[in-house]
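Notes to accompany the following structure.
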Amino acid sequence: MTATIQLPTDAANRHDFVLLFDVTNGNPNGDPDAGNLPRVDPETGLGIVTDVALKRKVRNYVDALKGTEERYKIYVQQGAILNNQHARAYSALGKDPKKANQADIGAAKAWMCENFYDIRTFGAVMSTDVNAGQVRGPVQLTFGRSVDPILGLDAAITRVALTKPDPKQAAEDETARSGTMGRKAYIPYGLYVAHGFFVPSFAKATGFDDNDLTLLWQALVNMWDLDRSASRGLTGCRGLYVFSHSSPLGNAPAHKLLERVQVRRKDGVEAPRAFSDYTVTVNQDDLPDEVQLHVLAEG
């Protein structure tokens, strides 16, 4: 079998994928329990990026690209009141959420899936005060894990501008005032690998279709370019390898397919500082006839 660059758009069949991304002089996913330092596996020193962080980037990309369209609204947004979102469903259906029966809750859940891309993609727990049910999404992601141990650094930074004047100093003595000290966490470089899965039986339940699947692949490749910040440094997609099955249940175990994509540090490289310090190999020998490999991004 040979790799192809066509987008796998069949939401009726299973897909398993490998996502590679790297970070240079940035913090890919800070840990709030550790002073926002990059997340790390304490036993191995390998860096970690949670599935939640990856899904956030997919949401941001879809919102920027198609957020004005009704079918592509985003449910989980910063500052959003989720119960208000549920109430929208009941209002559209002409139902009272306080008197909702199981049929009403099912209708509200279907309305939420139809109107919010991230619900029909990743699922959501909406059984809160305004009950719109629970949804199990067809797309699931693992944590991203770095190929090699990362070096988490914490740089001291200063701000020369002041928030308010110092009452102990003369108003005209601008040079005597000092700025604010701060910290900036980052890693010099890290190459991360995450795995993902698309289960068509869940897609049928949420209404996730071929167009939604196409948008997912586009987001995974391009989402880094719409989520730039100084704290994240230079982050980008370095590979997206999709193993597409010819049946809803799949034609081969996912873990055996995903293991075909291997990333290895080149000989002689002591401290990786660029993607060119690694070699990515994809084993296509004896790939099942019912499975097709799509290389959507590479290098």
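The values are calculated or read from the model by the stated rules, or taken from the named source; none is laboratory data. Just so you know, these numbers come straight off a predicted model, no measurement behind them. Quick reminder, even Gly has a Cβ in these numbers, built from the backbone with ideal geometry, and neighbours come from all protein chains shown.
Observations, loosely collected:
- Output for the stretch 243-279, where each listed residue is more than 30 Å from Phe202 (Cα to Cα) and of a type in the set (Val, Ile, Thr): Val263, Val269, Thr279
- Test: residue in the stretch 265-280 that is under 23 Å from Asp148 (Cβ atoms), in contact with a Ser or Thr (Cβ under 7 Å, 6 or more places away or on another chain) and not hydrophobic (A, V, I, L, M, F, W, C): yes
- Conditions (1) assigned to a strand (DSSP E or B); (2) of a type outside the set (Ser, Thr, Tyr); (3) within 19 Å of the chain's Cα centre (by Cα); number of the one not met by Ala185: (3)
- Every condition in (1) surrounded by 14 or more Cβ atoms within 10 Å (Cβ to Cβ); (2) without any contact (Cβ under 8 Å) to a residue 60 or more places away in the chain holds for Leu65 except the one numbered (2).
- Breaking point among (1) in contact with a Gly (Cβ under 7 Å, 6 or more places away or on another chain); (2) over 24 Å from Val242 (Cβ atoms); (3) modelled with pLDDT of 95 or more; (4) not charged (D, E, K, R), for Leu37: (3)
- Qualifying positions in the stretch 235-274 - surrounded by fewer than 18 Cβ atoms within 10 Å (Cβ to Cβ) and in contact with an Asp or Glu (Cβ under 8 Å, 6 or more places away or on another chain): Gly236, Ser246, Ser247, Asn251, Ala252, Ala254, Arg265, Lys266, Val269
- Restricting Trp217, Trp224 to residues that are part of a helix (DSSP H, G or I) and closer than 20 Å to Ala11 by Cβ narrows the list to Trp217.
- Selection from the stretch 105-132 of residues that are surrounded by fewer than 21 Cβ atoms within 10 Å (Cβ to Cβ) and out of contact with any His (no Cβ under 9 Å at 6 or more places or on another chain): Gly106, Ala107, Ala110, Trp111, Glu114, Asn115, Gly123, Val125, Ser127
- Condition check for Gly233: at pLDDT 95 or above, over 24 Å from Gln284 (Cβ atoms) and either assigned by TED's automatic domain parsing to the domain that holds Arg159 or not basic (Lys, Arg) (or both): no
- Of the strands (runs of 3 or more DSSP E) lying entirely inside the stretch 43-161, those carrying at least 2 residues that are at pLDDT 95 or above are 46-49, 123-127, 131-136, 139-141, 144-149.
- Selection within the stretch 227-255 - more than 19 Å from Gly30 (Cα to Cα) and either in a loop (DSSP other than H, G, I, E, B) or in contact with a Cys (Cβ under 9 Å, 6 or more places away or on another chain) (or both): Ser246, Ser247, Pro248, Leu249, Gly250, Asn251, Ala252, Pro253
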